[in-house]
Each structure stands twice: as structure tokens, then as C-alpha cells.
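Report on one structure; see the data block that follows.
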Amino acid sequence: MTASTSTDAAHSASPTDSGIATFGAGCFWGVEQILSRQPGVTSTAVGCMGGPVQNPTSEWVCTDTTEHAEVVQVTYDPSKISYAALIDVFRHLHDPTQVGRQGHDVGRQYRSAVFTHDDAQAHVACEMRDAIDASGKLRKPVATEIVPATTFWKGESYHQRYFDRRGVDGCHLYPAW
């Protein structure tokens, strides 16, 4: 995997007015596919974030020994889609009440996580979590980690746009919503 900071990604992917969002919602293939299709999203990349291991491979992350989460990093145009709208899509892609897994994928690398790039994103993410908990729609409280973004390690090329390159639709849509 290759490393980038949120500043590097913002400047290399699109104009300086772009936003960066990073989400963990289980296996990153389906999450990337759905997020990439949102109007206003200019690019996506899958990789990992949140652990201390430098330059991890996807295979290493899948051993659940690196403390990283599988994530999708989204570059978006805030004049076309808001961070709050991206958070809303994210929350519908998985079960935010599960700890250390998503469905049949077990391990902390599949945890629900929002990696925030500034205080405004942290505020929106916390509001989302609190609103879901207050709604009573889920049987358990939201377990989504909301933490500051760290180094994003971009996954290997064969993981990028995985489902789109195969011409299939992914598997991420949580039916309770």
C-alpha cells in the first residue's frame, strides 16, 4: 500500500475546493462502489487507516494484526454533495451497531469507523451517531468509531474499483434502514 495524508490526496485528486471523507464499513469493495456513484463524488480509493503499522499490505490488514480498518477515502465537491449527505449514505451501507465485524467478515479491520479530517466533520459524524441512537430504529447503540484521520494507506491496484471492473454490483446495503 502507498501512504498519503488527507492534504496530499486533496491536492492530487482535484481542485483545492474539494473535500476528503474516509469511512470504514466492512469490506471496502461494495462501500467504494456505492460511494463512487454519488453525484459530487470525484474519486474514491480503497485502503486502510487507523493502525500503527507502516506500509501494510491488504493481506496483512486482513490478518487483523495491524489495527487498521479497511476504508474508502472519498474526494468530493462540497458544492455538489455535502459531508452530511456522504455520512447519510455511509450509515445505510452497513450495520453500525456491530463491533469488530460486518456480517460474515469478522475482525477489527471490518469495524464501523468515520475518520474525520477536521472538527466540522467530527461534529457532523457525532450528530449522525446521536440521532440514530435517539431514533430507536436500531436494537443496539451505534458502535461506529469516530476518530481523527491518520495516514491513509492506499490499497493495491487490484482492489481499486473491484466490483465495477468485474461488472457486478456489490453487497453493501443494510436492510434495517
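Computed from the coordinates by the stated procedures, all read-outs in this text should not be read as laboratory data. These numbers come from a predicted model, not from an experiment. No Cβ is skipped: glycine too gets one built from the backbone with ideal geometry, and neighbour counts run over all protein chains shown.
Listing for the model above:
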quantity: Cα centroid of the stretch 121-143 to Cα centroid of the stretch 36-98, whole Å; calculated: 18 Å
quantity: Charge dipole (debye, nearest 20) of the stretch 116-160; +1 at Cβ of Lys and Arg, -1 at Cβ of Asp and Glu; calculated: 300 debye
quantity: Residues of the stretch 86-124 with amide N under 17 Å of a point placed 7 Å along Cα→Cβ from Thr63; calculated: 107-110
quantity: Within straight-line cross-link reach of Lys140, aspartates and glutamates at Cα separation under 20 Å, skipping those fewer than 8 residues along the same chain; calculated: Asp88, Asp95, Asp105, Glu127, Asp130
quantity: Cα-centred dipole magnitude for the stretch 2-157, charges only on beta-carbon of K, R (+1) and D, E (-1), debye, nearest 20; calculated: 400 debye
